[in-house]
Amino acid sequence: MKPRRSNLLGRFTKWVGALSLVLVTTLGGSTALAIAPNPTQDITSQYAIQGTIRQGAANPVEGAVINVVGEGFEGSATTNARGKWEINVPNKGSYTVTLDLATLPEGAKLKPGFENVRTVEIDKVNTVVAIFPLVEIDDPNVTPPPTTNVVLSRIFAGLNFGILLAMAAIGLSLIYGTTGLSNFAHGEMVTIGALTMFTFNRVMGLDIILSALLATAIVTAFGYTQDAVLWRPLRKKRIGITQMMIVSIGLSIVIRYFLQLVYGGDTKVLSQGTTWNIFGVLMPAINVICAGISIIALLGFAWFLTRTRIGKATRAVSDNAALAASTGIDVERIVRIVWVVAAALTGLSGVFIGLYFQAAWDTGFSILLLLFAAVTLGGLGTAFGAAVGALIVGMFVELSTLVIPPDLKFAGALIVLILVLLFRPQGVLGRKQRIG
Amino acid sequence: MANEIAKGKAEPGCAKVDPILVADNVLRQFGGLTAVDVKHVEIPRGQITALIGPNGAGKTTFFNLLTGFDKPNSGTWVFNGKQLAGVPSYKVARLGMVRTFQLTKALSLLTVMENMRLGSQNQKGENPLAAMFRSVWRKQEQLVTETANELLTRFKLDAKKDDFAASLSGGQRKLLEMARALMTKPTMIMLDEPMAGVNPALTQSLLDHIKDLKKEGMTVLFVEHDMHMVRHISDWVIVMAEGKIVAEGPPKEVMKNPAVIDAYLGAHHDSDLGAKKKAGK
Amino acid sequence: MEQILANALGELLTPMTAAYALAAIGLAMHFGFTGLLNFGQAAYMLVGAYAFAMSTLAGLGLVPAILISFAASIVLSFVLGIPTLRLRSDYLAIVTIAAAEILRFIVSTTGLNDVTGGPQGLSGFARDFYSINPFPAGEYGFWAWTMDEKGLWVRVVAWSLVIIAALFVSKMIRSPWGRVIKGIREDEDAVRSLGKNVYSYKMQSLIIGGMLGTLAGIVFVLPRAVQPGNFGTGLTFFIWTILLLGGAATVLGPIIGSMIFWVLLSLTDGLLSAGVDSGVITFITQNQIGGIRFMLVGIGLMLLVIFRPQGIFGNKKELYFNG
């Protein structure tokens, strides 16, 4: 079985010939913001086996498969973009962990003296780590990856990621602009898009385009329902925005763990095989297509917002809801439309992010802060600002890996957020009085 | 009267005999709109000055600028010999220029007494390191409470002193806000629409309170729509329209000024100028 | 069944319950009394845990280690507060949650293995603490509250700190300082117009509440290893739930909130687990119980905020949400 790799990071791992696996011993689980299949756990809760598979510090291996058998339990996990994997197991006891060597990149091999099968005991601690250390990248006998294309490939990856983030960020920004809600459950709409895509495309075997449409439709319906059942009544009840924000945190937790219950804690592989060579950079074809469709969707949205009556009304409500209402705009109707449009964009973004990163129950939550960063960078509540902010965040995340370790790339983007607030609190595109 | 307050003729931007506040070239723009564009204005010391003008004339924005709650695009102003441009609002208040707000800001979940105590300046117990040691601030707290009790009695709020401010009526909140501002012992007090939303029964006592402030030597500057109040208690009136000062003078003379009538009739039909000069439309 | 009950009631006194109570008292200072939306209390706990562990592992004594932790906590407050405390309150929420994640990424990066232990974290730093244990070896307590001398020592210290923190905060809140802080919660412009430096007071509140969070972080790791995974956003959300459960603008609320929270969580855990074992509950497996309890926390948080925002013990009059 050949590994399916969804992004450039994965591509480049082919050129290096080492793989290592880092063991983490934790008393409790770990919460990871990164695209990681490691569930947020509480220190008293579950048992898990986890690890990281890397070809040296800067080259995590994505798509490697690990199987666990023992105590009547069987399970498997795939490493994510950061090379991390985690499998929850039901009980304490002894487990056999196997690294599927066929899923490693070409040329990658275990360090001499290490086997790809290990036995681990879960006894005193809830989480144990299984190590599969591989020959590292800086070994002299391994050819380093050519650097000529690295910058270009990072730029492509950054643009790609930024465009995908932009749709979800615009959704977040629209909702914030019209209702004042900082929706912490927004990431879950991304997740639902990605996971329902998995259901339609991989479980039911539907056509990829049909699956994407169905998944987007489901998220759109969810957005509408969410507003109708929860947010509209809360607005009617005149609940403050701080309270609404905390409600959205609760909702986020509920949906996330519900999805974990339904889909399990592992990562679902969604990406497709073909790659295209663009200016000497190998890009998975599906990512290029997704980026193209996203651009069309973003342009369509821009047309909607600037040219249509409803779009203009939306901007008026964002600017000043009371004033808009006094000019005869039905604010509640606009908010309803905003939820539908925002959910549709976010759902589509989720489908594409699933194809780009694979899908897991916490995929959306792991990028939520990047979305907030994008919205804040662009100037809170301005839709176009959010799109620009998302591109900046996407580019920064990918380009920063040229100088900082990949496991810090999200941290870098968030630090930029803090710096921007320090020097330009209204955001890149925002007007000054917005910060009032 | 004009001669007592102004040097020479009463006209927009005229010099005063004894100004407490002098502002020059204060400009504030929102986007492309100019909200305030005041070339020169002087506020007379120890007098009650009214700032009037139609809605959107920039009165409250000018208030916000003078008290440091908003920042102008350009401009300078001097209060009591001190340059105030760029000085943060809390320092403006400490220098003795204290304001109230158009929408009252009673601190609802503090009691009336706590609201009052908060106004007092230089409290030792407001330092986080001293706060833990009651002995450091107990005595000062007693003095503050005495002052607060006196003011509450004067403003007829003493019966309410242990209630949450949230339970007060609109007029009582206005009174509380004014009393709280007095706790800071200001030299100049700026009232933003003190009569708005006040029940008519309370109006007279509010007017008397403002006159008392003058008797105590304070300078009063207030924004008001109610011309009755302007005519009865103000010594001097400044008229703003579209961000600029269009007229100044003693109340009776200002009301006859064609510029003032234009400003009101042009922008705000319904304003009662109090002198039978309502628009005939 | 008795075992389940005993496990649940045992949670009443665990150091973890105490640590969450301490962190929630700090958050009460931030949110309940000052109105600051701090969604990064986990960052303060992380700073406490790591600064303490790294200092003691470097050979420093307990007192210097605690002082260093506090110093690090104050630095964090400045880093968070300077860019955001002048801005609208939701900026603080976003920046604090982002900062908490940044710190967690940094301490868990493998590049810092030698300093922070990377993903493995740190252990063996509490030896000094247990070496001054005044209790002789043996078994203490009864029934649900049976513990060894180490357990007793850490509980005594943890709960003493909780009591001291509660007394400290209640004293501060009743002082003129507390009056300014509560005024800021109600309307910061009004307080500004009365000559108070609102920015400075917000910073003071951030620092004080943050130091309580830092202390909570130390207490939290005393009986266990420092693990970066424990300081995720989930930790912050648990603390918020505890705070809102007990009542945000109260001092006792966070303590009782923490106790109720952990007892309920342990109880549901035990009951679900027993239900699955005995075949009464068939729609989930043992493996999924952890997820169910998170869902319960989420639902609880939503219901609390919507229907009882003042908390179980809060006074309806002291409703603290504004805006």
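Within the stretch B:66-83, the set of residues being in a loop (DSSP other than H, G, I, E, B) and within 14 Å of chain C (Cβ to nearest Cβ) comprises B:THR67, B:GLY68, B:PHE69, B:ASP70, B:LYS71. When A:GLU86, A:GLU121, A:GLU62 are screened for being at negative phi, modelled with pLDDT of 75 or more, away from chain C (no Cβ under 14 Å) and buried (at least 22 other Cβ atoms within 10 Å of the Cβ), only A:GLU62 passes.
Residues that are open to solvent by less than 10 Å² (accessible area, probe 1.4 Å), of a type in the set (Gly, Ala, Ser) and over 21 Å from B:THR67 (Cα atoms): does the stretch C:176-194 have at least one? Yes. All of (1) in a loop (DSSP other than H, G, I, E, B); (2) in contact with a Gly (Cβ under 7 Å, 6 or more places away or on another chain); (3) over 10 Å from B:THR104 (Cβ atoms) hold for B:ALA181 with one exception: (1). The combined condition, being open to solvent by 60 Å² or more (accessible area, probe 1.4 Å), assigned to a helix (DSSP H, G or I) and either modelled with pLDDT under 95 or over 21 Å from B:PRO194 (Cβ atoms) (or both), is fulfilled by B:LYS91.
Restricting attention to the stretch C:1-54, the residues that are within 22 Å of A:ILE246 (Cβ to Cβ) and touching a strand residue (DSSP E or B) at 6+ places or on another chain (Cβ under 8 Å) add up to 0.
Whether any residue in the stretch A:187-196 is outside any helix (DSSP H, G or I), of a type in the set (Val, Ile, Thr) and in contact with a Lys or Arg (Cβ under 8 Å, 6 or more places away or on another chain) is what I want to check. Within the stretch A:187-196, not a single residue is outside any helix (DSSP H, G or I), of a type in the set (Val, Ile, Thr) and in contact with a Lys or Arg (Cβ under 8 Å, 6 or more places away or on another chain).
Which one of these is touching a Phe, Trp or Tyr at 6+ places or on another chain (Cβ under 7 Å), open to solvent by less than 40 Å² (accessible area, probe 1.4 Å) and assigned to a helix (DSSP H, G or I): C:GLY253, C:GLY257? Reasoning before the result, please.
Values: C:GLY257 fails: touching a Phe, Trp or Tyr at 6+ places or on another chain (Cβ under 7 Å).
Exactly one residue qualifies, and that residue is C:GLY253.
Candidates are the residues of the stretch A:263-301 that are modelled with pLDDT under 80, among the small types (Gly, Ala, Ser) and on the phi < 0 side of the Ramachandran plot; the one that is least open to solvent (accessible area, probe 1.4 Å) is A:SER271.
All of (1) free of Cβ contacts under 8 Å to residues at least 24 places away in the same chain; (2) among the polar types (S, T, N, Q); (3) under 24 Å from C:PRO228 (Cα atoms) hold for C:SER123 with one exception: (1). Being surrounded by fewer than 24 Cβ atoms within 10 Å (Cβ to Cβ), at pLDDT 75 or above and of a type in the set (S, T, N, Q) is a property that A:SER45 lacks. The single condition among (1) away from chain C (no Cβ under 14 Å); (2) part of a helix (DSSP H, G or I); (3) more than 19 Å from A:VAL190 (Cα to Cα); (4) not small (Gly, Ala, Ser) that A:THR216 does not satisfy is (3). Of the listed requirements (1) within 8 Å of another protein chain (Cβ to nearest Cβ); (2) open to solvent by 30 Å² or more (accessible area, probe 1.4 Å); (3) without any contact (Cβ under 8 Å) to a residue 60 or more places away in the chain, C:LEU112 misses just one: (1).
Check off (1) surrounded by fewer than 19 Cβ atoms within 10 Å (Cβ to Cβ); (2) within 30 Å of C:ILE284 (Cβ to Cβ) for A:PHE304 and give me the number that stays unchecked. Among (1) surrounded by fewer than 19 Cβ atoms within 10 Å (Cβ to Cβ); (2) within 30 Å of C:ILE284 (Cβ to Cβ), the lone unmet condition for A:PHE304 is (2). The residue that is most open to solvent (accessible area, probe 1.4 Å), among those in the stretch B:1-22 that are within 16 Å of B:VAL220 (Cα to Cα) and either of a type outside the set (Lys, Arg) or at pLDDT 95 or above (or both), is B:ASP18.
Per-residue answers, yes or no, for (1) within 19 Å of C:VAL47 (Cβ to Cβ); (2) within 9 Å of another protein chain (Cβ to nearest Cβ):
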position: C:SER69; (1), (2): yes, no
position: C:ILE74; (1), (2): yes, no
position: C:LEU80; (1), (2): yes, yes
position: C:ARG86; (1), (2): no, yes
position: C:SER89; (1), (2): no, yes
position: C:THR96; (1), (2): yes, no
position: C:ALA100; (1), (2): yes, no
position: C:PHE105; (1), (2): yes, yes
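Return yes when C:LEU243 is part of a helix (DSSP H, G or I), open to solvent by less than 10 Å² (accessible area, probe 1.4 Å) and within 11 Å of C:HIS30 (Cβ to Cβ) and no when it is not. Yes; evaluated as a whole, the condition is true for this residue. Listed by position, the helices (runs of 4 or more DSSP H) contained in the stretch A:297-358 that have at least 1 residues being under 27 Å from A:ILE218 (Cβ atoms) are A:309-319, A:331-357.
The set of residues in the stretch A:359-383 that are open to solvent by 10 Å² or more (accessible area, probe 1.4 Å), within 25 Å of A:ALA212 (Cβ to Cβ) and more than 13 Å from chain C (Cβ to nearest Cβ) contains only A:ALA383. Scan the stretch B:165-200 for residues that are touching a residue at least 24 places away in the same chain (Cβ under 8 Å) and open to solvent by 50 Å² or more (accessible area, probe 1.4 Å) and jot them down. Correct list: B:SER169, B:ARG173, B:LYS185, B:THR187, B:GLY197, B:ASN199. Do we find a residue being buried (at least 22 other Cβ atoms within 10 Å of the Cβ), within 14 Å of chain C (Cβ to nearest Cβ) and part of a helix (DSSP H, G or I) anywhere in the stretch B:127-144? Yes, because at least one residue in the stretch B:127-144 is buried (at least 22 other Cβ atoms within 10 Å of the Cβ), within 14 Å of chain C (Cβ to nearest Cβ) and part of a helix (DSSP H, G or I). Residues considered: A:ARG256, A:ARG315. Of these, the only one that is open to solvent by 20 Å² or more (accessible area, probe 1.4 Å) and of a type in the set (D, E, K, R) is A:ARG315.
The values are calculated or read from the model by the stated rules, or taken from the named source; none is laboratory data. Source: prediction; values computed, not measured. Positions of Cβ are backbone-derived with ideal geometry, glycine not excepted, and every protein chain shown enters the neighbour counts. These accessible areas exclude ligands, DNA and RNA; they are computed on the full protein's heavy atoms, side chains included. Shrake-Rupley method; radii C 1.70, N 1.55, O 1.52, S 1.80 Å.
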